[in-house]
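Colleague: After the C-alpha cells below, expect a handful of questions from me.
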Amino acid sequence: MLPVVRTLLFAATPVAIYLALAHFEPRQVIPLLLVLVGLRLLSGGKAATAPRGAQRWLLAGALLTLAAMVAISNSEAVLRLYPVLVNLAMLALFAHSLLHPPTVIERIARLRQPDLPPAGVAYTRKVTQLWCGFFIVNGAIAAYTAVLTSRETWVWYNGGIAYALMGLLFVGEWLYRRQHFGASR
C-alpha cells in the first residue's frame with residue numbers, strides 16, 4: 001500500500017471513530033482497530049524511515065491492547081484513547097532513536113544528504129528531541145480530550161487541530177533549517 005494512503009487512513013481514524021460512535025457501541029468499532037493493526041503489520045517498506053520490527057509490533061500491540069480493553073469495557077472513553085496510544089508509540093520510536101542512533105530525523109535527513117556532517121547530526125538530534133516533546137504534550141492533550149471533553153471536542157482536536165500543529169512544527173522547522181543552514185538541507 002502506498003505510504004501516503006496508509007498515512008491518510010491512520011490520520012482519518014479519529015474521524016472514523018467519531019462517525020462510527022454515532023451509530024454503534026464502542027465495542028462494535030473494534031473491527032476498525034483490527035484493520036489498523038493489519039495495516040501496521042503488513043506495512044513497512046524499505047525506506048529508511050519506515051517503522052521496522054519492534055516499532056511496527058509496538059503500535060500493533062498497543063492497538064490490540066486497546067481493542068481488548070474496549071471489548072471488555074465497551075467504554076467510549078477507552079476507545080477515544082487511540083490518539084494517546086499513537087502519540088506514545090511515536091514518542092517511544094523517537095526516544096528509542098535518541099538512545100540508539102541514528103535518530104529518526106537523521107535517517108530522514110540522510111535520504112537527502114547521505115554524507116550528513118557532524119553539525120547536521122547534532123541538529124537532527126535536537127529536532128528529534130523537539131518531536132519527543134511534541135508527542136508528550138500532544139499525547140497529554142489527547143488524553144484530556146478523551147476523558148474530560150465531549151466527543152465533538154475530541155474529534156476536532158485529534159482529527160484536525162493536532163494534525164495542524166504537526167504541520168506547523170514541520171513547516172516551522174523546515175523554514176528555520178533553510179534560513180540557518182541554506183536551501184541545500
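Yes or no, residue by residue, for (1) under 15 Å from the mean Cα position of the chain (by Cα); (2) at pLDDT below 85:
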position: P51; (1), (2): yes, yes
position: L59; (1), (2): yes, yes
position: A71; (1), (2): no, no
position: A95; (1), (2): yes, no
position: L99; (1), (2): no, no
position: L116; (1), (2): no, no
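Colleague: Just to be sure I understand the filter: pairs with C-beta atoms under 8 Å, separated by 6 or more residues or on different chains, first member in the range 135-154 and assigned to a helix (DSSP H, G or I), second member among the small types (G, A, S). Which pairs pass?
Modeller: Listed by first residue and then by second, the contacts come to N138/A162; I141/A162; A142/A162; A146/A77; V147/A77; W154/A146.
Colleague: Just one of the numbered conditions (1) over 29 Å from V15 (Cα atoms); (2) in contact with a Phe, Trp or Tyr (Cβ under 9 Å, 6 or more places away or on another chain) is not true of P101; which one?
Modeller: Here P101 meets the rest and fails (2).
Colleague: Scan the range 10-32 residue by residue and report those that are more than 16 Å from the chain's Cα centre (by Cα) and not in a helix (DSSP H, G or I).
Modeller: First, pick out the residues of the range 10-32 that are more than 16 Å from the chain's Cα centre (by Cα): 16-32.
Selection gives A22, H23, F24, E25.
Colleague: Six or more apart or on different chains, Cβ under 6 Å: which pairs go from a residue in the range 7-31 that's closer than 19 Å to W156 by Cα to one that's among the basic types (K, R) and crowded, with 17+ Cβ neighbours inside 10 Å? Could you list them?
Modeller: Listed by first residue and then by second, the contacts come to nothing, as the list is empty.
Colleague: What's the number of the only condition in (1) modelled with pLDDT of 95 or more; (2) closer than 30 Å to A22 by Cβ that L85 fails to meet?
Modeller: Here L85 meets the rest and fails (1).
The values are calculated or read from the model by the stated rules, or taken from the named source; none is laboratory data. In this text the structure is predicted, and so the values were computed from the model without any measurement. For neighbour counting, all protein chains shown are included, and Cβ atoms are generated from backbone atoms with ideal geometry for every residue, glycine included.
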